[in-house]
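Please read the structure below before turning to the comments.
The values are calculated or read from the model by the stated rules, or taken from the named source; none is laboratory data. Bear in mind the structure is a predicted one, so any value in this text is a computation, not a measurement. Positions of Cβ are backbone-derived with ideal geometry, glycine not excepted, and every protein chain shown enters the neighbour counts. Only protein heavy atoms, including side chains, enter the accessible area calculation; ligands, DNA and RNA are left aside. Shrake-Rupley method; radii C 1.70, N 1.55, O 1.52, S 1.80 Å.
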Amino acid sequence: MKTNLLKKLLLPSAMLVPFAAVAAQQTPNVIVIFMDDMGYGDIGTTGAIGYETPNLDKMAAEGMRFTRFYAAQAVCTASRVGLLTGCYPNRIGYSGALGPSSRIGLGEKEETIADVLRKKGYATAAFGKWHIGHLPHALPPRHGFDEYYGIPYSNDMWPRHPTRKFPDLPLIEGDKTIELNPDQSQFTTNFTNRALQFIDKNKNKPFFLYLAHPMPHVPLAVSEKFKGKSRQGLYGDVIMEIDWSVGQILDKLRREGLEENTLVVVTSDNGPWLNYGNHAGTTGGLREGKGTSFEGGQRVPCIMQWKGTIPAATICNKLSSTLDLLPTFAHIAGAPLPPHKIDGVNIISLLRHEADANPRESFCYYYRKNNLEAVTDGNFKLIFPHPHRTYEGFAPGVDGKPGPVNGNAKLEIPLLYDLRRDPGERYNVIGQYPEVRAKLEQIAAAIREDIGDDLTGVVGKNNRSPSIAPR
């Protein structure tokens, strides 16, 4: 016993880590913390006012903050499909936001991040909001997740909606409803606690954790420990609790010695729902918000931390997207990609901050069923004529009541913006850069041939369909 104690005392401090970390060193863990409707300007490092986000700010200081990171699409369901499959959602037949009457789910041949990582022995869990289909064939246990605890669609799709009628909102464990219309003030805390339990249970093997917070999507709700804590009102309280949640996850990794073996990604499904006024976030000066292909709708906050791999306090200004998470995770796990075509690219070179790395050369802004509304090369953005939503010209709602929005606006002419100089998309420079327009038109032509474009009537060659549950 004395000999063993002496050996322990002589070990370098860096080696005194829990056995869990040693056992899992060869295969990195992956955690995605996904917010709902959090705007680009909603965290401290991007200018949040009236509340603090110390854990997210610390995460940015110890990891990498992305400034040109895009959600797959500017609406709930489509965005989540893009993240989990690495595909533009319209490629696989998804668009918009599914409701309680929907009967679709991912096709049997589609693979989620969880499916891909399970091939390498990962434990997998999804906690929080799903919103890719609520029937049994569409829930997480049928798509690669060992555990699921959460709500099947948006938290406003329940009987207390201020303007619409919805059935009871189920809280689901696995594929069974365990409660109706649960207390939403406990969502952030409960889903965080389940995530912590999952990490504790699986710390001796690789794991993938998908923590998809229903907040700060309306209706806002917060636990007593953060109620009334911000100078920004309820919205600030909610973001402070989300920041607490991120801190709980990072602290757990630190205590278990898993920091250097875990990639943590924090991002959002789309921009803020601006017509909800003081119950909505901020784009940080970007144009428009959720439900639009302007920057405020799809450019989202993103912070990644992986100690020892991602250099601390780095900024990534390169083009990247939630589409890129699946192929990147597959790469670090040594897992094969899905056999069918996906749209994501491996961005490990960006995480390593490699000089001149530029894995994603373009991004396409699709909306509605299959409308190609814009394309970018990361520097310039070409926007095509299209019908769109606009929040401009209307006073927003207050205290959970939605304000008016024009859902039938129409852009009549193409626009070209220099996103480096004009991220707010205010100055059309289409007449100044004909060669840039031509380059972006070529990108658009290629994606139209591949996926299609309802705006121009082009039918894509490589689209797939979701599965539909029989009635």
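When Val300, Val266 are checked against the criterion of being surrounded by 24 or more Cβ atoms within 10 Å (Cβ to Cβ), in contact (Cβ under 8 Å) with a residue 60 or more places away in the chain, touching a Cys at 6+ places or on another chain (Cβ under 8 Å) and not hydroxyl-bearing (Ser, Thr, Tyr), Val266 stands alone in meeting it. Checked against the criterion of being in contact (Cβ under 8 Å) with a residue 24 or more places away in the chain, in a loop (DSSP other than H, G, I, E, B), in contact with an Asp or Glu (Cβ under 6 Å, 6 or more places away or on another chain) and not polar (S, T, N, Q), segment 446-460 contains one or more residues that satisfy it. Within segment 158-183, residues that are closer than 24 Å to Glu147 by Cβ and in contact (Cβ under 8 Å) with a residue 24 or more places away in the chain reach partners that are among the hydroxyl-bearing types (Ser, Thr, Tyr) and open to solvent by 70 Å² or more (accessible area, probe 1.4 Å) with beta carbons closer than 7 Å, at six or more positions or on different chains, in the pairs Pro170/Thr177. Being out of contact with any Asp or Glu (no Cβ under 7 Å at 6 or more places or on another chain), aliphatic (A, V, I, L, M) and surrounded by fewer than 16 Cβ atoms within 10 Å (Cβ to Cβ) is the filter here, so list the residues in segment 410-445 that pass it. Ile413, Ala438, Ala445, listed by residue number. Total residues in segment 314-338 satisfying the condition of being outside any helix (DSSP H, G or I), under 15 Å from the mean Cα position of the chain (by Cα) and closer than 21 Å to Glu110 by Cβ: the figure is 1. Of all residues in segment 402-422, those that are under 30 Å from Leu220 (Cα atoms) and assigned to a loop (DSSP other than H, G, I, E, B) have Cβ atoms under 6 Å from Cβ atoms of residues that are open to solvent by less than 40 Å² (accessible area, probe 1.4 Å) and among the polar types (S, T, N, Q), 6 or more apart or on another chain, in Pro402/Asn275; Gly403/Asn275; Val405/Asn275.
Looking at Arg352, is it modelled with pLDDT of 95 or more and under 24 Å from Arg464 (Cβ atoms)? Criteria not met by Arg352. The residues in segment 206-247 that are open to solvent by less than 10 Å² (accessible area, probe 1.4 Å) and of a type in the set (S, T, N, Q) can be counted, and the count is 2. Tell me, which residue of segment 42-56 that is of a type in the set (Ser, Thr, Tyr) and assigned to a loop (DSSP other than H, G, I, E, B) is surrounded by the most Cβ atoms within 10 Å (Cβ to Cβ)? Checked segment 42-56; the qualifying residue surrounded by the most Cβ atoms within 10 Å (Cβ to Cβ) is Thr53.
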